[in-house]
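The values are calculated or read from the model by the stated rules, or taken from the named source; none is laboratory data. Model, not experiment: these values are computed from the prediction. With ideal geometry, Cβ positions are generated from the backbone for all residues, glycine too; neighbour counts draw on all protein chains shown.
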Amino acid sequence: MTDFLWLLVALPLAGAALNLILGKRIGEPRSGWFGFGLIAISFVIGFGASLGFFAGTSNPQTIYLFSWIPAVGADAAILWDPLSALLTMIVTGVGALIHLYSIGYMHGDDRYPRFFAFLNLFIASMMILVLASNFAVMFVGWELVGLSSYLLISFWFTKPEAAAAGKKAFVVNRIGDWGFLVALMLIFMTFGTFDFRTIFENAPAMFGVGAGTITAITLLLFVGAAGKSAQIPLYVWLPDAMEGPTPVSALIHAATMVTAGVFMMARSAVLFELAPVSAGVVAVVGTLTALLAAVIAVAQTDIKRVLAYSTISQLGYMVLGIGVGAYAAGVFHLTTHAMFKALLFLGAGSVIHALANQQDMRKMGALRKAMPITFITMAAAWLAISGMFPFSGFWSKDEVLAAAFARGGAWLILYVIGLGVALITAFYMTRLFAMTFLGSSRWDEGVTPHESPRTMTVPLVVLGLGTVFLGLFNTPARHAFEHFLEPAFSGVEQVEGLSIGLISTLAVVAVIVAIVGIIIGLRRYNTEVLPDETGAFWRRALAAFGVDDLYGRFLVAPGKAVADWWASVVDPKVVDGAVHGIAKGAIGGGERARAVQSGQVRWYAAVVAIGAVALVVFLLVLGGGF
Amino acid sequence: MQGGAWLPIAFEVVLLVGALAVLLVAVVAGRDRRFWGPAAGLAFAGAALAGVLQWREVSTSGAGLFFTAQGVSFAKSPMVVMDGLSAFGAIVLGLVGFVGFLAAWDLVAKVGRRGPELVSLLLLSLAGLHMMMATPNLVVIFLGLETASISFYVVAGFLRRQKGSAESSFKYFLLGSLASALFLYGVALTFAATGSLTLYGGNSIRDFFSSTIVTQPGILLAGMALMLVGIAFKVSAAPFHQWAPDVYQGAPTGAVGFMAATVKIAGFAALARIFGAGLVSQVDTWTPIVAVLAAVSMVVGTVLALVQSDVKRMLAYSGVAHAGYILTAMTAGVAGVPAMWFYVSTYAFMVVGGFAVLSTVSGSDSSKVPLDDLKGLVKRSPEMGWLMTFVVLGMSGMPFFAGFVAKVFSFVTATAVPAPWPANDHGYLWLVVLGVVMSVVGLAFYFRIIGTMFSTPDDQAELQEAGLPVRFAVIVSAVITVAFGIVPWPLIEAVRDAFPI
């Protein structure tokens, strides 16, 4: 089966190309089914090739495709190990469901085939990123993911907000990419290759724990991860990215793009092991991100924005997992989160669809009867993300928190904050759930909600089953998931396990916290009239504490000013203007036109002359000519 | 020697004969381009073929020096060199020239009776450009430079009735003359310091350095600096770039691609010849200044490209930035030649292809090409729109396009050799970091072009179909941009042998 792995990239790519070129001819529903089919086949291939890892009979292998830039150890090759197998299944599995869902959701859009072309392109980019056997190819995938997400977020580019959101996502991600790029250069200078296996095998021998080079590399890698995985301070693009079509939000925020950073750090686990300082920074930033985003989520009124901030918050948990050295736990949370967050987004999309594009939760309520399937599946996702036993989110979140607890010492602070975030999470998710499905109906006049078509509900049900049962793969009693991932983290020490008694205690504490959050939420929001939420805290949290505004005032505006200044001072046209002005004063208006022409050339010649003199002087100084 | 004594100068001979043939055919058979066009095409193709034969000869029998003038005391030196650099340059110049000629075909139709003159000028300029890289003699380099430059001055002003064209030609002439004078002064000072005009061969500059310790290098350094100014001007490296946007904008669009691409090829080859090979012993002195030129070019080119509203000006400034990236490779000294070749040979095709598209959009005889002209190009002409997208992605350095490989190659090269200033083992790392940052910043305007092409057109008018030769030129450029991005290895292997002796 591994012989066919190249199809994982080729099929979505072919789908993108065909939909782009022939989309109009293929027609509306068919181009969607075509895109979905290719991704489904990819999933089957990925699943089939992973069977060996489930059975524990295969070893990680590198599948060579063709030579790309051999001089830097950058071949087009696939590193097929449990980690990439897992991500492959998530990306193609959840991706296929989102394709299926989009067939119904995008019905009637003018650029229907193009949407599926972009979705396919996105999957292809993700597969390049995930399957890469070296940092160079990974970076190629990384950039392509950025590009295709830009295309998807600003898919409705005629909406100014969507166009701006796409641009913002692109720009913020570039900051992260910059960190990643510099990290790559450092890696190449240090190891002389981009190849994962060579680097990870040599690193522990070349450097002791805490080596400066590795710390620098890992911190820069984290800058890259923070951009893609929306961590402080680069998270600001994600809430705005909600302007894209809802399936895009599900695809980008749940299964794929945002997890790329976590995946990249998990892939580089060996390096993070060698850099405790970086790991500490990662853990702290992750925890703070989780906290900040959760608090902001509490006050949001737009259903998709709540989910956006909750995504940021959950990503914080995953990053915390990486930071405390519980890589398998972090990846496990990534997996379960992919399920329940995709479900939440698709469910939210179903609700928005039913209410004629209403996104404001204050105008929802009492949808339980009208949309039974959406209601039940959303309920599962709600309990999962709240950390309710025995739903998947409980197991994975608990795993991360337990790892932080096991480290002891100052890490306990992170554990306590993490637990607090769990309480807030349970509260705001209950708020979302109650305001949408329970209480009294506050719909706009003339809106009659209805259950969504089959193509939209089937993915909900499939994801719902995953949300309920996936967690059972990895309980403290049976660490199937961690054993599955073990070959990918060989050479990395996992955090020591706690005793079963202590684990149970922690679990009970976590469940109590979740129940408390849910009860507070239900008492407050499962009512006929919504509570008043216009106080100072609510207003500030709704505005995300003005971080965007702050960035706008202190980063964007000065940047713009500098750019304008550059443009106006250096731009020859304006320089000409100055010359023109001087010439006008000296020669007089009659010869104005001539002055402009000769002045320009004279000015250019002067610059050439000045440059030549500068060059001569520079060389003389350098060469000791004086 | 196979191919006889003519092989080392076959490239120039073919082109000169071609130029004369075009003029003669036009007189004898008539000025219809169907008569003399094939002759011109044959000349370009023949020149590329001559390059291939030279390449084969060099790889089998080795490089050599030719046409040594006997009996003249101080000029007892070879006039022609045939080695990897000149042979590879001949191939690239021949092919780019051929594609550029095809791209100018619509312009040729527009200028009507004066077509033969235009094309023979292009042929002549190409011969001059190759002279710059196929000689060890500094004076011959200057002659080649002038042959090409004067041809280009005329081409830039070929549409003399258009104000923009005439103005750009005049500007180019004035500033080009200044740069040529500075270059010649540099040659003179170098001669004064070393007593030789030849880079290698008998009584050469290289011999001088191997037998002499220079204690008072002032004159030599000034000479080197001025020669560098001349070359930097030709390749439009900042701060000697100001002519480029004006000339690109004013000159007829159909011919700009040819001019911009070929002059860069020859300029960088001459840099490799003079500084990389001839002044190899002074490498620690001149690489820092090349690095500074590279840095300034990258920053100035990128930042100013951001604020342009005319696509031709934008591509001109992008060319300044690209000159910076190519100079980055040359900071490794002669070791940077392969990366330089890879970059300049792929970039040349992007330039030709890009301007060919612009000439189909705004007219081959246009001067200004406002960005709005590209609006909705993908809708109006999917073929041109997509090909232009590939070319622009190539320029922007997107992975899987040749520009990306070229940049990586260039950056890796720049950090491979220890740098003298500031002294360290990692080469010009600061320059590479700056280059990466500038590449990222530059994406903004490349994507602006692409975004404009994908937007909805104001009017649904279909683009007037370009002639077959022009379309062919664009397709070749786009294919090369993509092909060497995905499978760069054959070209990387080839440029490894394209060294000067």
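Please determine, by comparing only the residues of region A:599-626 that are more than 7 Å from every other protein chain (Cβ to nearest Cβ) and surrounded by 15 or more Cβ atoms within 10 Å (Cβ to Cβ), which one is modelled with the lowest pLDDT.
Here the answer is A:Gly599.
Among the listed residues A:Ala40, A:Ala49, A:Ala77, A:Ala16, identify the single one that is in contact with a strand residue (DSSP E or B) (Cβ under 8 Å, 6 or more places away or on another chain), touching a residue at least 40 places away in the same chain (Cβ under 8 Å), surrounded by 15 or more Cβ atoms within 10 Å (Cβ to Cβ) and in a helix (DSSP H, G or I).
Going through A:Ala40, A:Ala49, A:Ala77, A:Ala16 in turn, the sole match is A:Ala49.
Out of all the residues in region B:471-494, which are within 14 Å of chain A (Cβ to nearest Cβ) and assigned to a helix (DSSP H, G or I)?
B:Val482, B:Ala483, B:Phe484, B:Gly485, B:Ile486, B:Trp489, B:Pro490, B:Leu491, B:Ile492, B:Glu493
Mind checking whether some residue in region A:97-112 is surrounded by fewer than 24 Cβ atoms within 10 Å (Cβ to Cβ), among the small types (Gly, Ala, Ser) and out of contact with any Cys (no Cβ under 8 Å at 6 or more places or on another chain)?
Yes, region A:97-112 has at least one match.
Look at A:Lys159 and say whether it is under 30 Å from B:Val433 (Cβ atoms), of a type in the set (D, E, K, R) and either buried (at least 24 other Cβ atoms within 10 Å of the Cβ) or at pLDDT below 90 (or both).
No: the conditions fail for A:Lys159.
Among the residues of region A:369-418, what is the count of those that are over 19 Å from A:Val331 (Cα atoms) and either aliphatic (A, V, I, L, M) or in a helix (DSSP H, G or I) (or both)?
Residues that pass the stated criteria total 20.
Which condition from (1) polar (S, T, N, Q); (2) within 24 Å of A:Arg602 (Cα to Cα); (3) free of Cβ contacts under 8 Å to residues at least 60 places away in the same chain is the one that B:Gln162 breaks?
Result: B:Gln162 passes all but (3).
Here are B:Leu463, B:Leu468, B:Leu431: which of them is away from every other protein chain (no Cβ under 11 Å) and more than 26 Å from the chain's Cα centre (by Cα)?
B:Leu463
Let's see how each residue does on (1) closer than 29 Å to A:Val285 by Cα; (2) surrounded by fewer than 24 Cβ atoms within 10 Å (Cβ to Cβ); (3) of a type outside the set (A, V, I, L, M, F, W, C):
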| residue | (1), (2), (3) |
| --- | --- |
| A:Leu320 | yes, no, no |
| A:Ala379 | no, yes, no |
| A:Ser386 | yes, no, yes |
| A:Gly420 | yes, yes, yes |
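Taking A:Leu271 and the conditions (1) touching a Leu at 6+ places or on another chain (Cβ under 8 Å); (2) hydrophobic (A, V, I, L, M, F, W, C); (3) closer than 25 Å to A:Met456 by Cα, which numbered condition does it fall short on, given that it satisfies the others?
Unmet for A:Leu271, out of (1) touching a Leu at 6+ places or on another chain (Cβ under 8 Å); (2) hydrophobic (A, V, I, L, M, F, W, C); (3) closer than 25 Å to A:Met456 by Cα: (3).
For region B:414-455, how many residues are under 18 Å from B:Leu358 (Cα atoms) and of a type in the set (S, T, N, Q)?
The qualifying residues number 2.
Scan region B:387-408 and report the pairs whose first residue is within 11 Å of chain A (Cβ to nearest Cβ) and whose second residue is crowded, with 22+ Cβ neighbours inside 10 Å and of a type in the set (Lys, Arg), with Cβ atoms within less than 7 Å and a gap of 6+ or a chain change.
B:Gly397/B:Lys407
Yes or no: B:Phe173 within 11 Å of chain A (Cβ to nearest Cβ), modelled with pLDDT of 90 or more and more than 24 Å from A:Val617 (Cα to Cα)?
So B:Phe173 fits the description; yes.
With B:Ala237, B:Ala222 as the choices, which residue is within 14 Å of chain A (Cβ to nearest Cβ), under 23 Å from B:Val334 (Cβ atoms) and not in a helix (DSSP H, G or I)?
B:Ala237
Taking B:Gly112 as the residue in question, decide whether it is in a helix (DSSP H, G or I), on the phi > 0 side of the Ramachandran plot and among the small types (Gly, Ala, Ser).
yes
Please give the number of the condition B:Met438 fails out of (1) in contact (Cβ under 8 Å) with a residue 60 or more places away in the chain; (2) buried (at least 24 other Cβ atoms within 10 Å of the Cβ).
That leaves (2) as the condition not met.
This table checks each residue for (1) among the aromatic types (Phe, Trp, Tyr); (2) assigned by TED's automatic domain parsing to the domain that holds A:Met435.
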| site | (1), (2) |
| --- | --- |
| A:Gly517 | no, yes |
| A:Arg523 | no, yes |
| A:Thr527 | no, yes |
| A:Pro531 | no, yes |
| A:Phe537 | yes, yes |
| A:Leu550 | no, no |
| A:Arg553 | no, no |
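Working carefully through the options B:Asp284, B:Asp310, B:Asp246, find the one that is at the interface with chain A (Cβ under 10 Å from one of its Cβ atoms) and under 23 Å from B:Arg448 (Cβ atoms).
After applying the criteria, what remains is B:Asp246.
Could you go through region B:437-449 and let me know if any residue there is touching an Asp or Glu at 6+ places or on another chain (Cβ under 9 Å), within 26 Å of B:Ser309 (Cβ to Cβ) and at pLDDT 85 or above.
yes
Out of A:Thr2, A:Thr57, A:Thr62, I need the residue that is away from chain B (no Cβ under 14 Å) and either of a type in the set (Lys, Arg) or touching a Lys or Arg at 6+ places or on another chain (Cβ under 9 Å) (or both). Which one?
None of the other options fit; the residue is A:Thr62.
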